[in-house]
Each structure stands twice: as C-alpha cells, then as structure tokens.
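Below: one structure, written as structure tokens.
The values are calculated or read from the model by the stated rules, or taken from the named source; none is laboratory data. Everything numeric in this text was worked out from a predicted model, so none of it was measured. Cβ coordinates were reconstructed from backbone atoms using ideal geometry, including for glycine residues, and neighbour counts include every protein chain displayed. Surface areas here come from the heavy atoms of the whole protein model, side chains and all, with no ligands, DNA or RNA. Shrake-Rupley method; radii C 1.70, N 1.55, O 1.52, S 1.80 Å.
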Amino acid sequence: MGRTPAAGICHPAVVPGLLLTALLAGTGPARAAEDARAWFSQSGYPGALQTPTAFMPPEGTVAFGASAASPYNTLYLSLQPFDWLNFNARYLDITDRPYAASTTDQSYKDKAFDVSLRLIEGNSSLPALSIGLIDLGGTGLFAGEYLVASQRVYDLHASLGLGWGRLGSSGDFENPLIGVSDSLRRRPGFEGGIENTGRVSYDQWFRGEDVALFGSLIWNPAFLPSWSFIAELEGNDYSREPAGRPVSAPSRVNFGLSYALNDYASVGASYLRGDTFAFQVGVAPKMGSNEPSTRRHYLPELRRNANRAYQAPLPDDDAARLEQLYYALRYQGFFVHALDVDASGKVLTIWQSNSITDDPVRVQRFVGRQAANYLPESVETIRVVTMAGGVEALRFESPRWLLEDEASGRATIEELILQSALAPGQGWSLEDARYPNLLRYPTYSLGVNPALRTNIGGPADFVVGQFLLKPYATLQLTQSLSVTSTIAINVISELDRVYPVRSGSLPRVRSDLELYQSQTGDVYLDELEANYFFPIASEWYGRVSAGIFESMFGGVAAEVLYRPFDMRWALSLDANYVRQRGYEQRFEFRDYTVATGHLTLYYRTPFEGVTVRTSVGRYLAKDVGATLDLSREFRNGARFGVYATKTDASSEEFGEGSFDKGFYVYFPLSGLAEGLKGSVVGLSYRFLARDGGQRVDDGRELYSVFGPHSAGAVHER
C-alpha cells in the first residue's frame with residue numbers, strides 16, 4: 001500500500017484474497033445479491049469499471065451511457081428484459097486507429113453486442129453467479145467470456161470472476177476446461193473480412209490456453225448513499241490488445257468513484273491501469289414494470305353508494321337514460337358506437353372504443369358501473385363489445401349484480417373475470433343494434449410528435465443527428481377506413497455531413513439511409529397512408545392499406561389474420577407491392593419495385609409475458625428467409641424485443657454484419673396522460689443499416705390491433 005502507480009497501488013495478488021473473503025463472509029449481516037444496487041461498466045454491461053459483476057439492475061431497466069477511457073470512447077444501450085438477463089449494445093471510437101472509409105481523418109469505429117445471464121439468483125449466504133459473452137455478434141475484436149460471483153456484505157459489494165479471451169489475456173493460469181477437452185486449448189482469432197464480421201463467434205467461447213482472475217469491490221456507504229467507491233482487478237493484458245495501440249499497462253488495478261444524481265442518473269470518474277483517467281455518464285430508468293400504469297383513469301362509484309345529489313335525476317324514459325349514459329361515457333373518453341337492449345329488456349349491449357386503456361377488464365368495470373348507475377334494475381346483464389379498427393374484437397358479458405359487488409368490494413376482480421362470459425367479436429353486428437351509428441363520420445385527430453434521427457459510427461463523425469417535429473393528422477372517413485398523414489420538420493440537423501458507404505451487393509433498399517437522411521431538406525412527407533379493416537369470419541380479420549408507408553417505400557398491401565380466441569397462437573399472411581421513394585421524400589419515386597410477403601406465426605408463451613414471432617417470406621431486396629423475434633411485454637405496456645433475420649443472401653452479398661439483427665424498446669405514453677392510448681415512444685437499435693432481410697412498414701399490423709383482445713390476454717392480466 002502507498003506505492004507509486006507504476007509499482008501498483010495494491011498488488012494484484014492481494015485483491016482476489018480480499019474479494020474471496022467478502023464473498024464468503026458470514027451470513028448474519030450479509031444481504032442477498034439481488035437486493036444490491038446495480039452498476040454499469042464503462043462498456044455498458046452490469047459491472048464495476050472495466051470488469052463484469054453479477055449485480056443486475058431491476059427488470060425493465062433501459063440504460064444509456066457514454067464513457068471515455070483512452071483510446072476508447074464508448075456509447076452503450078443496455079436492456080434488462082428479465083431480472084436474470086441483460087443485453088448490451090455499444091459503439092466504440094478507437095481514437096488511435098484510423099477509419100479506412102473516412103475522408104475527414106476519423107478514427108476507427110467498432111460495434112459490439114454483449115449478453116449476461118445470471119445462473120444463480122443468490123441470497124444472504126449464497127453469492128449470485130452470472131455467465132457472460134462479450135462482443136459475441138460484432139467484429140470479435142474485443143471478444144471474451146466470463147463467469148463471475150457477486151455478494152453484498154453490509155455496504156460492501158464484492159465480485160470475483162474468471163475471464164477468457166480479452167478478459168483473460170493476462171494469463172494467470174491455464175484454462176481449466178482444457179482438462180475436459182484438449183480441443184479447447186486453441187482459440188481461433190478474428191480473421192477479418194465481411195464473411196466473419198457480425199457472425200456469432202461460438203467457436204471461440206471459453207477457448208484458449210490462458211484465463212485470468214478479475215474482480216471488484218464497491219463500497220456504497222449508508223451515510224453517503226449517493227456515492228460509490230470502486231476498486232477492481234482487471235484480467236486484460238493491454239500489451240496484447242487486438243484493437244488500438246498495444247501498451248504495457250503499469251498496473252491491473254483500477255480505482256474509481258460514482259455519484260448518483262437521482263434514482264436513475266449517475267456520473268463517474270476513474271483511474272485505470274495506473275496511467276489513464278476515465279469518465280462516465282449514464283441514465284438507467286426502469287421503463288418496464290409489472291405494476292399497472294402509474295396513471296389510472298378513475299373508476300366511477302355506484303350511484304347508491306355515494307352522495308350523487310349533484311347529478312341530474314334519472315328520467316323514467318329508457319331512451320333518455322341511454323342518452324345520459326352515452327354522454328357520461330363520452331365525457332370520460334369512451335366512444336359509444338351503438339347501443340342495444342334486447343326484447344326482454346334484461347340485456348344491454350354497448351359497442352365502444354376509447355382513448356383510455358386497452359385493458360378489457362378495466363373497460364368492463366368502468367362501462368359496467370356507469371351502465372348500472374344509469375339504467376333501471378330490470379337490466380340484469382351488461383355486455384361490452386370492444387371495437388378495434390372499426391371491427392368487433394371482444395365481447396365481455398357480466399351479470400349486473402357481479403359488477404355491483406366488485407364495485408362495492410364484495411367480489412374480487414378475479415371473481416369478476418371467472419364469472420363473466422368472454423367471446424370473440426361478431427364482425428359488424430352493431431349495424432343491427434336498436435341504436436346504431438351513434439358516432440358521426442368523418443372525424444379527425446391532430447398532434448405533434450418529437451423525433452430524433454441519428455447516424456452513429458459513420459465516417460463523418462462518431463455521432464451526428466437531427467431533431468425533428470412531426471405534425472400528424474388522422475382522418476377517420478368511416479368506421480373502418482382512416483387516412484393518416486405525417487409531415488417532418490427539421491429543427492436542428494447535422495445529417496448533411498454523412499457519407500454513403502457501400503457494403504454488400506444486394507439492391508440498396510436500406511443502405512442508402514445516409515442519402516435519405518441528408519437530402520430531405522427542412523420539410524418532407526414522412527407518411528400518407530390509408531388503412532381499411534374488415535371482418536372475414538369469426539376470429540378472422542383483414543386489412544387493405546395503400547399510400548406512402550414510410551420514409552423509403554410506398555405502395556399497396558393486404559393482410560389476413562387468424563386469431564383463435566382461446567388459443568395462445570395466431571397466424572397472419574401479408575403481401576405488398578411497393579416502390580422505392582425518392583431521396584427528398586416528397587411524391588417522387590425511384591425505379592426499384594418489389595413484391596414481398598410473409599407468413600407469420602405468433603405465440604404468446606405462458607412465460608413472463610414473452611411472445612415469439614416467426615416469419616418466413618420474401619424481403620425487400622428479393623432475398624428469401626426467416627425472422628425470429630422474441631419480445632417481453634410488461635403489465636404497464638412497455639415491450640422489450642430482440643430479433644434476427646437470416647436469408648439466402650450470403651455474407652458477401654449482405655455485406656458487413658453478415659445478417660440483420662437488433663433490439664427495440666416501446667414505452668406507452670398512456671400512463672403519462674389521458675387520451676394517449678396507442679401512443680408510444682420507440683427506440684430501435686440495428687447494428688448496421690444493410691439491405692438483407694429488410695421488411696417494409698406497410699400499414700397497421702393486424703396482430704397489434706386484435707391480439708390484445710383475446711381470452712388469454714384477459715385471464716393473464
């Protein structure tokens with residue numbers, strides 16, 4: 001202790017002993033690893049400074065951050081779809097290596113993708129254990145694997161791990177897996193070329209002669225809860241660095257501190273390798289939650305259970321009562337398409353859509369209570385029919401006494417669901433209602449959305465972007481026919497500095513992204529699209545769309561969806577004929593045309609809100625293949641997803657990246673303000689804008705419209 005940095009402030013041999021002592025500390029005062037606060041490494045995966053830990057953030061967390069640790073500048077995006085799984089994507093700017101494609105003296109750029117999997121959750125006496133793969137889907141320049149254990153004792157958070165690849169290049173001892181198979185002794189190196197860039201390098205995992213220890217100690221004192229003091233031992237040998245300029249680091253020990261600005265934002269500084277200062281900033285909000293939306297539209301009380309003297313008295317005429325019910329619901333954001341009372345006067349049917357919620361149970365509770373408030377006791381059954389796209393999507397029928405018991409607390413929501421009748425929609429049966437066509441068309445809605453377009457890792461600069469405002473207007477011409485137009489207005493832009501980079505030999509259906517970003521001018525047409533929905537038969541739905549679908553293509557499209565009401569799966573078939581738009585994104589089109597189509601199987605698993613989508617078909621570049629999409633939806637409506645597409649285009653034809661892959665996050669705005677149902681903030685991350693495996697965004701997907709309105713979605717709420 002007390003030595004100069006060149007000699008090592010703490011000898012590396014001492015650190016594993018300290019970490020092991022903390023990991024094996026007594027059970028009495030210890031805290032389970034899953035209760036510990038989580039930190040993000042300077043690369044974005046759960047970790048200390050440069051090393052991983054098994055302390056993972058809460059599920060639903062989305063982390064954005066940047067770090068500077070010469071010669072590497074890093075931008076990262078980290079997703080935590082489950083409490084045991086982390087995905088991390090990052091762009092690196094390697095400042096001491098030139099960018100071959102740049103004409104502006106740019107430094108080299110690299111892209112990486114990491115996965116961390118927690119094998120053991122951990123508790124007060126057992127450390128958490130995680131396994132991870134670093135740079136498994138990029139160039140492989142920084143590839144490494146690890147196994148790490150983490151435990152919290154009082155305010156101390158200790159981790160100790162074993163690293164392979166770059167994480168183990170210090171070579172503390174021989175790879176223990178060689179004893180299982182001598183074939184694991186050789187670790188294939190990165191061979192370069194587009195045929196290797198972007199592939200999953202499974203032939204490298206946990207291979208190589210050498211492994212190294214790494215670990216960290218993080219002190220987050222209770223009397224300074226915003227501060228974290230960090231010390232760690234790296235396993236990397238920087239003299240064997242695969243990218244950047246190899247250096248002989250004076251020390252493997254790093255020191256740093258972090259300050260939490262609030263519950264989700266932090267800044268940090270560190271001293272690495274005995275010779276380098278580094279800095280980091282990040283935000284990590286919890287966007288996905290299994291708690292319902294924090295903003296809850298109130299539920300009305302029953303008239304007889306509350307002082308409602310201020311309300312107008314109920315008329316004796318049933319038609320007048322229905323009119324009062326209609327306006328009460330309309331005032332509260334529910335749009336009544338039709339009303340019907342059967343010949344016996346005992347069954348009320350309400351066809352509705354709303355701007356409040358997609359939760360069928362909440363709709364039933366709200367509309368049912370209001371119906372009970374306004375209608376005579378002779379009405380014994382209340383049937384609420386939810387309309388989606390102008391077509392019946394769900395019938396939810398409850399006894400009036402059950403709705404009243406649930407409202408007064410004598411019955412639970414679960415009892416309401418179990419004792420109600422659920423059925424699929426019946427097309428356009430509202431036309432036969434006693435009071436049809438209560439909504440008058442055309443109607444319209446207007447709004448403005450902010451938008452951000454970026455180009456990261458290009459030859460112009462590490463990050464360039466554009467901030468836009470997108471005014472939109474939707475004209476509902478009939479019950480099932482709508483037209484939407486969106487205009488994009490530039491506010492601030494640096495995209496005129498981007499340069500197209502050629503990669504692959506497929507038709508340029510997406511890789512002209514830079515031209516679409518830089519040649520649009522200050523105002524351009526983002527979308528002008530018509531959608532028509534119609535019922536085909538029970539549990540069958542159809543859509544026809546036409547217009548300018550998106551920034552790069554326009555045309556015509558059709559889709560058919562079969563959604564068995566009581567099943568977990570659905571099947572759709574879509575087809576379109578589209579033409580490529582001009583770079584200025586007005587009404588001009590280029591010569592390239594293509595017919596594409598896909599057969600898609602949707603399966604809503606019983607596992608933590610996970611939906612699997614598998615599509616096969618023809619893509620925009622006329623390549624044929626399949627897409628696998630895995631997404632997890634939280635109860636508050638947030639959705640995290642990952643996808644990959646592989647087609648008959650070879651790696652050489654596809655270009656850098658080898659195959660299309662990425663992940664996305666959607667967060668609904670309905671929890672922030674009333675009237676925003678269906679509005680979302682979306683963030684998608686595609687490693688490279690290439691041409692293989694690309695689909696056109698050709699109108700409103702039927703599964704997104706009708707999928708939530710099934711028996712399974714109600715029972716699994």
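Of the residues screened, Thr61 is not one that is farther than 27 Å from Asn636 by Cβ, at pLDDT below 95, in contact with a Lys or Arg (Cβ under 8 Å, 6 or more places away or on another chain) and open to solvent by less than 20 Å² (accessible area, probe 1.4 Å). Identify all residues within segment 527-545 that are more than 13 Å from Ser480 (Cβ to Cβ), within 28 Å of the chain's Cα centre (by Cα) and open to solvent by 30 Å² or more (accessible area, probe 1.4 Å); write none if there are none. Within segment 527-545, Glu527, Leu528 qualify. Screening Leu573 against (1) open to solvent by 80 Å² or more (accessible area, probe 1.4 Å); (2) part of a strand (DSSP E or B); (3) over 19 Å from Ser704 (Cα atoms) leaves a single unmet condition, (3).
Each residue in segment 576-590 was checked for being open to solvent by less than 90 Å² (accessible area, probe 1.4 Å) and in a strand (DSSP E or B), and 6 pass. Of the residues Glu404, Glu392, Glu397, the single one that is acidic (Asp, Glu) and either within 29 Å of the chain's Cα centre (by Cα) or closer than 30 Å to Tyr472 by Cα (or both) is Glu392. Of the residues Tyr619, Tyr603, the single one that is of a type outside the set (Val, Ile, Thr) and either open to solvent by 30 Å² or more (accessible area, probe 1.4 Å) or without any contact (Cβ under 8 Å) to a residue 24 or more places away in the chain (or both) is Tyr603.
Within segment 85-123, if we keep just the residues that are among the polar types (S, T, N, Q) and in contact with a helix residue (DSSP H, G or I) (Cβ under 9 Å, 6 or more places away or on another chain), the residue that is modelled with the lowest pLDDT turns out to be Thr104. Residue count for segment 650-669 satisfying the condition of being among the aromatic types (Phe, Trp, Tyr) and either at pLDDT below 75 or closer than 28 Å to Asp358 by Cα (or both): 4. Listed by first and then second residue, the pairs linking a residue in segment 475-486 that is more than 16 Å from Val544 (Cβ to Cβ) to a residue that is among the aliphatic types (A, V, I, L, M) and part of a strand (DSSP E or B), with Cβ atoms under 6 Å apart and 6 or more places separating them unless they lie on different chains, are Leu475/Val483; Ser485/Ala473; Ser485/Leu528.
Here's a check for you: in segment 268-290, which residue that is of a type in the set (A, V, I, L, M, F, W, C) and more than 21 Å from Leu233 (Cα to Cα) is most open to solvent (accessible area, probe 1.4 Å)?
Val281
Checking each residue in segment 215-249 for being touching a Pro at 6+ places or on another chain (Cβ under 6 Å), in contact (Cβ under 8 Å) with a residue 60 or more places away in the chain and not in a strand (DSSP E or B) picks out only Gly244. For segment 195-209, the candidate set comprises residues that are open to solvent by 60 Å² or more (accessible area, probe 1.4 Å) and either in a loop (DSSP other than H, G, I, E, B) or modelled with pLDDT under 55 (or both); within that set, the residue that is farthest from Phe113 (Cα to Cα) is Glu209. Taking (1) part of a strand (DSSP E or B); (2) touching a residue at least 40 places away in the same chain (Cβ under 8 Å); (3) closer than 22 Å to Ser482 by Cβ; (4) not small (Gly, Ala, Ser) in turn, Glu550 satisfies each apart from (1). May I ask you to verify whether Ser518 is touching a Leu at 6+ places or on another chain (Cβ under 8 Å), at pLDDT below 95 and crowded, with 17+ Cβ neighbours inside 10 Å? For Ser518, the condition - touching a Leu at 6+ places or on another chain (Cβ under 8 Å), at pLDDT below 95 and crowded, with 17+ Cβ neighbours inside 10 Å - is met.
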